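S.K.: The following block contains the structure, expressed as structure tokens.
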Amino acid sequence: MKWIFSLVLSFVVLQSFGQQLFPTISSDKGTPPTYHINLNEATVVASHVFSNDTDRYRYNQMKHYVKIVLTYANAAIKTFYEIEQATASMNKRSKRKYIKTKENEIKINFEDKLKDLNITQGRLLVKLINRALKTNCYNIVKELKNPVTAAYYQGWGKLNGIDLNDDYNPENEPELERIMRSLGY
């Protein structure tokens, strides 16, 4: 008996809220009102089936690493756009000076945290930046600093197994793409 009462009560509450929240449009006086609601686009993805526990572990580990690195990638992307916007009308000398101050800010805020990342997280950071900016990190460093600095960082990255000159291709990284979509990016 209680469940019937709660069902009726919830129906009445939903009915009263439905009339207040959704706009009604009626074409004629004799027809019942038509309710309209705009929903965000939703992507339906099949559940991921793993072939074994090792694949499941690697996927969950990558997802964990992406969540760690995503904050740094977002900060890097935001800083890149700030630099692009601020230096658009500057001459070469003031542009270098501005970039140097931004570089110092980044070192103060993130250097200790980025040193704690492992090589896999570094690779993911580079891939996420490439994915968001649609250009590779080598070209970004070459544009903002100079080709010699870009070559130095490329060499250092190669020694650690990170290629700054790789372009991001979603077809080559299906797991990373699935993770990013599941996180809403």
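The values are calculated or read from the model by the stated rules, or taken from the named source; none is laboratory data. All figures in this text were calculated on a predicted structure; none of them were measured in a lab. Reconstructed Cβ throughout: ideal geometry from the backbone, glycine too, with neighbour counts over all protein chains shown.
S.K.: Just wondering, is there one or more residues in the stretch 68-77 that are hydroxyl-bearing (Ser, Thr, Tyr), free of Cβ contacts under 8 Å to residues at least 24 places away in the same chain and either surrounded by fewer than 12 Cβ atoms within 10 Å (Cβ to Cβ) or not assigned by TED's automatic domain parsing to the domain that holds Arg178 (or both)?
M.R.: Step one: filter the stretch 68-77 for residues hydroxyl-bearing (Ser, Thr, Tyr), giving 71-72.
Cutting the leftovers down to free of Cβ contacts under 8 Å to residues at least 24 places away in the same chain gives us 71.
Then drop every residue that is not either surrounded by fewer than 12 Cβ atoms within 10 Å (Cβ to Cβ) or not assigned by TED's automatic domain parsing to the domain that holds Arg178 (or both), which leaves 71.
Within the stretch 68-77 (the criterion being hydroxyl-bearing (Ser, Thr, Tyr), free of Cβ contacts under 8 Å to residues at least 24 places away in the same chain and either surrounded by fewer than 12 Cβ atoms within 10 Å (Cβ to Cβ) or not assigned by TED's automatic domain parsing to the domain that holds Arg178 (or both)), the answer is yes, since at least one residue qualifies.
S.K.: In the stretch 113-150, which residue that is loosely packed, with under 15 Cβ neighbours inside 10 Å and among the hydrophobic types (A, V, I, L, M, F, W, C) is modelled with the highest pLDDT?
M.R.: Val148
S.K.: Evaluate the following for Gly184: is it at pLDDT below 90 and loosely packed, with under 12 Cβ neighbours inside 10 Å? Break it down stepwise before answering.
M.R.: On the way: at pLDDT below 90: yes; loosely packed, with under 12 Cβ neighbours inside 10 Å: yes.
Spelling it out, Gly184 is indeed at pLDDT below 90 and loosely packed, with under 12 Cβ neighbours inside 10 Å.
S.K.: Which residue pairs have Cβ atoms closer than 9 Å, lie 6 or more positions apart in sequence or on different chains, and pair a first residue in the stretch 159-171 that is free of Cβ contacts under 8 Å to residues at least 60 places away in the same chain and in the same structural domain as Thr149 (by TED's automatic domain parsing) with a second residue that is exposed (fewer than 14 other Cβ atoms within 10 Å of the Cβ) and part of a loop (DSSP other than H, G, I, E, B)?
M.R.: Pairs that qualify, where the first residue is free of Cβ contacts under 8 Å to residues at least 60 places away in the same chain and in the same structural domain as Thr149 (by TED's automatic domain parsing) and the partner is exposed (fewer than 14 other Cβ atoms within 10 Å of the Cβ) and part of a loop (DSSP other than H, G, I, E, B), are Asp167/Lys134; Tyr168/Lys134.
S.K.: Identify the single condition in (1) assigned to a helix (DSSP H, G or I); (2) modelled with pLDDT under 90 that Lys67 does not satisfy, given that it satisfies every other one.
M.R.: Looking at each condition in turn, Lys67 falls short on (2).
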